[in-house]
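Data block below; observations after.
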């Protein structure tokens, strides 16, 4: 498994890198078959260290977790515990997903835009109907079943996931509703 361990404006020592590689690999290998790579990013804000980990599995699914603490090692421990809990919760489904799927999840390319919000009051009329684009990125749309899409959304900690439905070959959306349930849009 490939690791990319970095810090945002903080130095990460070799001891921490070694610990992250050993403990994260032992946690992931218990639950997931053949993880391909992991990105771990440490940062510090207002006296708290935070650790964000994203693990890509060979089947195309992605697991993501984060943790915060006053010490950098404790932040990693919190992140690892969340990752462990997520993977343990979906252990059977991940193994079934791996067995049932002969090939990895197919990904389609798409563009992603971040639009600027209006700084004025909510009641005011905008000057133009064209929004200001702050950032433009390339992203991917996975080809999944509805159950796999819900699992991917939960593993990534995302509020919404757009995916290509394998059963109908159309774009679908799953999202977390305000009441805690999962919504599914099938146009």
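Could you please let me know if residue 85 is part of a helix (DSSP H, G or I) and either surrounded by fewer than 18 Cβ atoms within 10 Å (Cβ to Cβ) or modelled with pLDDT under 90 (or both)?
Details: part of a helix (DSSP H, G or I): yes; either surrounded by fewer than 18 Cβ atoms within 10 Å (Cβ to Cβ) or modelled with pLDDT under 90 (or both): yes.
Spelling it out, residue 85 is indeed part of a helix (DSSP H, G or I) and either surrounded by fewer than 18 Cβ atoms within 10 Å (Cβ to Cβ) or modelled with pLDDT under 90 (or both).
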| request: Would you please name the residue that is surrounded by the fewest Cβ atoms within 10 Å (Cβ to Cβ), looking only at residues in the stretch 41-60 that are farther than 30 Å from residue 142 by Cα and in contact with a strand residue (DSSP E or B) (Cβ under 7 Å, 6 or more places away or on another chain)? | output: 48
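Matching residues to (1) under 17 Å from the mean Cα position of the chain (by Cα); (2) surrounded by 15 or more Cβ atoms within 10 Å (Cβ to Cβ); (3) not assigned by TED's automatic domain parsing to the domain that holds residue 84:
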position: 144; (1), (2), (3): yes, yes, yes
position: 151; (1), (2), (3): yes, yes, yes
position: 154; (1), (2), (3): yes, yes, yes
position: 162; (1), (2), (3): yes, yes, yes
position: 166; (1), (2), (3): no, yes, yes
position: 170; (1), (2), (3): no, no, yes
position: 174; (1), (2), (3): yes, yes, yes
position: 181; (1), (2), (3): no, no, yes
| task | Answer yes or no: is there a residue in the stretch 90-105 that is at pLDDT 80 or above and touching a helix residue (DSSP H, G or I) at 6+ places or on another chain (Cβ under 7 Å). | result | no
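Just to be sure I understand, how many residues within the stretch 10-40 are outside any helix (DSSP H, G or I), farther than 21 Å from residue 154 by Cβ and in contact with a strand residue (DSSP E or B) (Cβ under 7 Å, 6 or more places away or on another chain)?
2
Suppose we filter the stretch 27-47 for residues that are more than 16 Å from residue 80 (Cβ to Cβ) and modelled with pLDDT of 90 or more; how many remain? Don't jump to the end; show me each part of the working.
The first filter runs over the stretch 27-47 and keeps only residues more than 16 Å from residue 80 (Cβ to Cβ), leaving 33-34, 36-37, 43-47.
Now restrict to residues that are modelled with pLDDT of 90 or more: 43-44.
So the answer is 2.
The values are calculated or read from the model by the stated rules, or taken from the named source; none is laboratory data. Keep in mind that this is a model prediction, so the values were computed, not measured. Note that we place each Cβ from the backbone using ideal geometry, even for glycine, and neighbour counts take in every protein chain shown.
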